[in-house]
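J.: Starting off with a structure, shown below.
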Amino acid sequence: MQGRVLIIAGSDSGGGAGIQADIKAVTCLGGYAATAVTALTAQNTLGVTGIHEVPPEFVWAQMEAVLGDIGADCIKTGMLASAAIVEVVAVALEELAPEVPLVLDPVMVAKGGAALLADSAAGELVKRLVPRARLLTPNIPEAEVMLGRTIAGVEDLERAALDLLDLGPQAVLLKGGHLEGDDLVDVLAEAGGIRRFTGRRIQTRSTHGTGCTLASSIAAGLAQGMELGDAVERARAYLMRAIETAPGLGAGHGPLNHGHTVSGASFRA
């Protein structure tokens, strides 16, 4: 039940988020991770100090090389950086992988506040990639950008998830971690209705890469043939344990413990 996941995203030199977190999550859940790097970032737990975009034509070359040989059972996108990269990824998906499900994590801002998607690219993302997605996984700030309004509570969360569904994806997982309080609610919206996933907030500064990790974990599940709800449930359990057992590295938002499943066989089911 390996499952091949092609990850199209930016690199995090600190290893906590981006393509590094994606590879760790997919691998630790028993999948096979391949990559197309969209940008290099100089960053650590304190923030991003530099971004170097990969030329769009080389993003295409990476996708073509992987899909033409290894193939993919699911594709996951993260940081896409610019409108030009969004465009080339959209065209490559249409031509090279039209039937492969896409988990779209609309990465816009790093944990420390640095912009990871140009303002001019947000509209292109919504127009070109959101309707292609099997699953869209925004957090609240990203959803607010896409919808142009504030999301203030759980009821707003559910309405927003349904409105995001109207943009064309097959499903939306709207993450509620930015809401106040100790109770956490994520909302999964599909054509058949809404499902809530609940939990308790873990008081920790080790939250760098949580969005990347969750989306890639879901992608691994889909690549392995799991139903979407089951893939989300397993991914959330994996993420919570990775936060609980985080190594406490760095002086800022620290990385997770992606490797905890090495001895946690139950997560491989």
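The values are calculated or read from the model by the stated rules, or taken from the named source; none is laboratory data. Fair warning: this is a prediction, and the values are worked out from it, not measured in the lab. Backbone-built Cβ (ideal geometry, glycine too); neighbour counts: all protein chains shown.
J.: Do any residues in segment 183-205 that are within 20 Å of Leu135 (Cα to Cα) have Cβ atoms under 9 Å from those of residues that are among the acidic types (Asp, Glu) and part of a strand (DSSP E or B), where the two are at least six apart or on different chains, and which pairs are they?
T.: Correct list of pairs: Arg196/Asp186; Phe197/Asp186; Thr198/Asp183; Thr198/Asp186.
J.: Would you be able to tell me the number of residues in segment 140-150 that are touching a residue at least 24 places away in the same chain (Cβ under 8 Å) and in contact with a Leu (Cβ under 8 Å, 6 or more places away or on another chain)? Spell out how you get there, then give the answer.
T.: Just the residues of segment 140-150 that are touching a residue at least 24 places away in the same chain (Cβ under 8 Å), to begin with: 140-143, 145-146.
When the remaining residues are screened for being in contact with a Leu (Cβ under 8 Å, 6 or more places away or on another chain), the result is 140, 143, 146.
Residues that pass the stated criteria total 3.
J.: So which pairs qualify, if the first residue must be in segment 220-237 and under 21 Å from Gly259 (Cβ atoms), the second must be of a type in the set (Ser, Thr, Tyr), the Cβ gap must be under 6 Å, and the two must be at least 6 apart or on different chains?
T.: Here the result reads Ala235/Ser217, each pair linking segment 220-237 to a residue that is of a type in the set (Ser, Thr, Tyr).
J.: Does Gly176 satisfy the condition of being under 15 Å from the mean Cα position of the chain (by Cα), modelled with pLDDT under 95 and either surrounded by 23 or more Cβ atoms within 10 Å (Cβ to Cβ) or farther than 22 Å from Ile19 by Cα (or both)?
T.: Numbers: under 15 Å from the mean Cα position of the chain (by Cα): yes; modelled with pLDDT under 95: yes; either surrounded by 23 or more Cβ atoms within 10 Å (Cβ to Cβ) or farther than 22 Å from Ile19 by Cα (or both): yes.
Here the answer is yes, as Gly176 does meet what is asked.
J.: Kindly check whether there is at least one residue in segment 23-30 that is surrounded by fewer than 21 Cβ atoms within 10 Å (Cβ to Cβ) and more than 25 Å from Leu222 (Cα to Cα).
T.: Taking every residue of segment 23-30 in turn, none turns out to be surrounded by fewer than 21 Cβ atoms within 10 Å (Cβ to Cβ) and more than 25 Å from Leu222 (Cα to Cα).
J.: Another question, then. When you scan segment 1-25, how many residues do you find that are within 22 Å of Ala97 (Cα to Cα) and part of a strand (DSSP E or B)?
T.: 7
J.: Would you pick out the residues in segment 104-122 that are in a strand (DSSP E or B) and modelled with pLDDT of 85 or more? First the steps, then the outcome.
T.: Let us first name the residues in segment 104-122 that are in a strand (DSSP E or B), namely 104, 109, 115, 117.
Listed by number, the list holds a single entry, Leu104.
J.: Would you mind telling me which numbered condition in (1) of a type outside the set (Asp, Glu); (2) modelled with pLDDT under 95; (3) closer than 22 Å to Ala171 by Cα Val48 fails?
T.: (3)
J.: So, in segment 60-103, exactly how many residues are closer than 16 Å to Leu135 by Cα, assigned to a helix (DSSP H, G or I) and free of Cβ contacts under 8 Å to residues at least 40 places away in the same chain?
T.: 1
J.: Quick one: which of Ala25, Ala36 is of a type outside the set (Phe, Trp, Tyr), under 23 Å from Ala231 (Cβ atoms) and in contact with a strand residue (DSSP E or B) (Cβ under 6 Å, 6 or more places away or on another chain)? Break it down into steps so the answer makes sense when it comes.
T.: Values: Ala25 fails: in contact with a strand residue (DSSP E or B) (Cβ under 6 Å, 6 or more places away or on another chain).
One residue alone meets the criteria, Ala36.
J.: Are any residues in segment 26-46 touching a Phe, Trp or Tyr at 6+ places or on another chain (Cβ under 9 Å) and in a helix (DSSP H, G or I), and if so, which ones?
T.: Of segment 26-46, the ones touching a Phe, Trp or Tyr at 6+ places or on another chain (Cβ under 9 Å) are 26, 28-30, 36-37.
Result: Val26, Cys28.
J.: Quick check on Leu164: is it buried (at least 24 other Cβ atoms within 10 Å of the Cβ) and out of contact with any Lys or Arg (no Cβ under 7 Å at 6 or more places or on another chain)? Talk me through it step by step, then tell me what you get.
T.: Details: buried (at least 24 other Cβ atoms within 10 Å of the Cβ): yes; out of contact with any Lys or Arg (no Cβ under 7 Å at 6 or more places or on another chain): yes.
Here the answer is yes, as Leu164 does meet what is asked.
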